[in-house]
Amino acid sequence: MMMRNGVDMAKVNARVEAMQKDPAEGKRTLSGITSWNGGAHSTTIVRNFAIPADEPAALGGTDRGASPMELVLTALSACIAISIAYSAAEDEVEVRSIDIDVEGDLDLRGLFEVSGDVRPGFEEVRVTVRMGADAPREKIEELVSRGYRRSPVADSLEERVPVRVSLAQEYTGAM
């Protein structure tokens, strides 16, 4: 088994080869199921993982999980870290550490519809990467840039992927 930076490159290379032969091999539908637990608290099941979400007490929540917007920042920084690690492994660069600071500016007036001209989403997100690796700074900069460019989460946020919401047919309204 060829492990580099904790990445199983044999599996990665086999998946890349399969996708090169048949593009359908790269297609995936990811899914989860979210259950509301009352108030602002919910739990989402993704594969075998239970992910709690809640709002801070100052916003009426019970602080039993990260807020959904904090989870967006978590997804972004985790995805960028993974993409950097994969890029480094592909280029045979040994990585000692990847630490990412991520922060986003949010105007809560959009969520609470206090102002009709304020979006409920982030106004700006800033990502700062600290990386220790056996490579010159220019190579590390290239790996960070490549990691960001190939991040599915970064792409989804920047490109404003269409979201379709529908009400399930079995909904009855009354119980």
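Looking at the range 52-62, can you tell me whether even one residue there is touching a helix residue (DSSP H, G or I) at 6+ places or on another chain (Cβ under 8 Å), open to solvent by 20 Å² or more (accessible area, probe 1.4 Å) and in contact (Cβ under 8 Å) with a residue 12 or more places away in the chain?
Within the range 52-62 (the criterion being touching a helix residue (DSSP H, G or I) at 6+ places or on another chain (Cβ under 8 Å), open to solvent by 20 Å² or more (accessible area, probe 1.4 Å) and in contact (Cβ under 8 Å) with a residue 12 or more places away in the chain), the answer is no, since none of the residues qualifies.
Of (1) loosely packed, with under 15 Cβ neighbours inside 10 Å; (2) over 30 Å from E138 (Cβ atoms); (3) in contact with a Lys or Arg (Cβ under 6 Å, 6 or more places away or on another chain); (4) modelled with pLDDT of 95 or more, H41 satisfies all except one. Which?
All conditions are met except number (1).
Just give me the residues in the range 123-175 being touching a helix residue (DSSP H, G or I) at 6+ places or on another chain (Cβ under 8 Å) and hydroxyl-bearing (S, T, Y), in sequence order.
Those that are touching a helix residue (DSSP H, G or I) at 6+ places or on another chain (Cβ under 8 Å) and hydroxyl-bearing (S, T, Y): Y148, S151.
Considering every residue within the range 97-104, establish whether at least one is assigned to a helix (DSSP H, G or I), out of contact with any helix residue (DSSP H, G or I) (no Cβ under 7 Å at 6 or more places or on another chain), modelled with pLDDT of 95 or more and of a type in the set (S, T, Y).
As a first pass, look at the range 97-104 and keep what is assigned to a helix (DSSP H, G or I): none.
No; the residues of the range 97-104 include none that is assigned to a helix (DSSP H, G or I), out of contact with any helix residue (DSSP H, G or I) (no Cβ under 7 Å at 6 or more places or on another chain), modelled with pLDDT of 95 or more and of a type in the set (S, T, Y).
Just a yes or no: is a residue in the range 71-93 part of a loop (DSSP other than H, G, I, E, B) and surrounded by fewer than 16 Cβ atoms within 10 Å (Cβ to Cβ)?
Yes: one or more hits.
Pairs, please: C-beta under 8 Å, at least 6 apart or cross-chain, first residue closer than 22 Å to L76 by Cα and open to solvent by 90 Å² or more (accessible area, probe 1.4 Å) and in the range 105-132, second in a strand (DSSP E or B) and not charged (D, E, K, R)?
E123/G104; E123/L106; E124/G104; R130/S97; R130/I98; R130/I100
Which condition number in (1) assigned to a helix (DSSP H, G or I); (2) closer than 27 Å to E158 by Cβ; (3) open to solvent by 70 Å² or more (accessible area, probe 1.4 Å) is the one that S31 fails?
Of the numbered conditions (1) assigned to a helix (DSSP H, G or I); (2) closer than 27 Å to E158 by Cβ; (3) open to solvent by 70 Å² or more (accessible area, probe 1.4 Å), the odd one out for S31 is (1).
Does the range 4-19 contain at least one residue that is over 28 Å from D101 (Cβ atoms), of a type in the set (G, A, S), touching a strand residue (DSSP E or B) at 6+ places or on another chain (Cβ under 9 Å) and assigned to a helix (DSSP H, G or I)?
yes
The values are calculated or read from the model by the stated rules, or taken from the named source; none is laboratory data. Everything numeric in this text was worked out from a predicted model, so none of it was measured. Please note: Cβ atoms are built from the backbone with ideal geometry, for glycine as well, and neighbour counts cover all protein chains shown. The area values use the complete protein model at the heavy-atom level, side chains included, leaving out ligands, DNA and RNA. Shrake-Rupley method; radii C 1.70, N 1.55, O 1.52, S 1.80 Å.
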